[in-house]
1. Between K150, K122, K240, where does the largest GNM mean-square fluctuation fall for the chain, given springs only between Cα atoms within less than 10 Å?
2. P(r) for region 146-283: what percent of alpha-carbon pairs falls in each 10 Å bin, starting at zero?
3. Which of A192, A37, A216 ends up with the largest GNM mean-square fluctuation for the chain, with Cα atoms connected below 10 Å?
4. If you place +1 on the Cβ of every Lys and Arg and -1 on the Cβ of every Asp and Glu, how big does the dipole about the Cα centre of the chain come out, in debye to the nearest 20?
5. Name the shape class, rounded, prolate or oblate, that the alpha-carbon gyration tensor gives for the chain, where a ≥ b ≥ c are the square roots of its eigenvalues, rounded holds for a/c under 1.5, and otherwise prolate holds if a/b is larger than b/c and oblate otherwise.
6. In whole percent, how big is the carbon plus sulfur part of the accessible area of region 164-294, probe 1.4 Å, protein atoms only?
7. Could you please state how large a percent of the accessible area of region 40-115 is carbon and sulfur, counting protein chains only and using a 1.4 Å probe?
8. Over the chain, with a Gaussian network built from C-alpha contacts below 10 Å, which listed residue (I224, I172, I139) shows the highest mean-square fluctuation?
Amino acid sequence: MTHAAVTAPGAKLRKLVRRRDDQGGAPRLSPAWTFVAWLATLAFFAPVAWMVLTSFHQEADAATNPPTPFAALTLDQYELLFSRDITPFLLNSAMASVISTLLVLALAVPTAYALSIKPVEKWTDVMFFFLSTKFLPAIAALLPVYLIVKDAGMLDNVWTLIVLYTAMNLPIAVWMMRSFLAEVPKEILEAAEVDGANLPTVLLRIVAPVAMPGLAATSLICFIFSWNEFMFAVNLTATKASTAPVFLVGFITSEGLFLARLCAAATLVSLPVLIAGFAAQDKLVRGLSLGAVK
């Protein structure tokens, strides 16, 4: 009785998962679960597709209830979008996101190296400290941060956002990079030390190429978080350093129709993240799964 109860879940699992015959034995889901996965994918993709479709409609067609997906298509919303000069907002977002991501990687990789490959004493306490910095809601720190930035004369400055985004993403990057660097073979590092390689050489020429999928996953996640950040950007910037999410809010009005213009702006703002994710999708998948299965 007990043996049958123990083996029953395994028998059910073998029915759901089939093995490849000639592709190396990697597990493959049954057609039923593949169908469920596709349904879930379409459910997540449907709002994005609707946003893109609405961006090509006139405001009157976008505001109809029920919706009219087969209304005439137009580029008027995108022409209006560029007439409002979205370029400075995109440049500010790109500058804040790219520079803060590079700073995060420059700080997180050596830190993760010291916490995984060459662990320091009480490294678990250090990891908990990084994690504890995310316990405080960002809105609770808004007023102190605003007062500090105001006294420093750094309001409406893109470098203020760079510093804040670096501090916000650093704990996440350290936790991710530690799990990635823990998978680096110790034999390679020992061989490099025998050959006389110093720490910068080990990090740049040995650790970085081996952990490249993890670096890609970490950098993309940090870039997305920085690109989409809104609360600090809308409260600490005015005209010169406003980012793309702040630009989107300008289309929301209490009078008139704005849905099609808002969808066009959201589509355009989403393109850099989508392009970056598509370009690094192979490394992203490998990086996010690295260390998940022993």
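1. K122
2. With 10 Å bins starting at 0, P(r) equals 10, 27, 27, 21, 10, 3, 1, 0.
3. With Cα springs under 10 Å in the chain, the top fluctuation among A192, A37, A216 is at A37.
4. For the chain, the charge dipole is close to 1120 debye.
5. In terms of gyration-tensor shape, oblate.
6. Percent of accessible area from carbon and sulfur atoms in region 164-294: 67.
7. Result for region 40-115: 76 percent of the exposed heavy-atom area is carbon or sulfur.
8. So, out of I224, I172, I139, the one fluctuating most is I139.
The values are calculated or read from the model by the stated rules, or taken from the named source; none is laboratory data. Only a predicted model underlies this, so the values are computations on that prediction, with no experimental measurement involved. Here the Cβ is made from the backbone with ideal geometry for all residues, glycine too, and neighbour counts use every protein chain on show. What goes into the accessible areas is simple: the full protein's heavy atoms, side chains included, and nothing from ligands, DNA or RNA. Shrake-Rupley method; radii C 1.70, N 1.55, O 1.52, S 1.80 Å.
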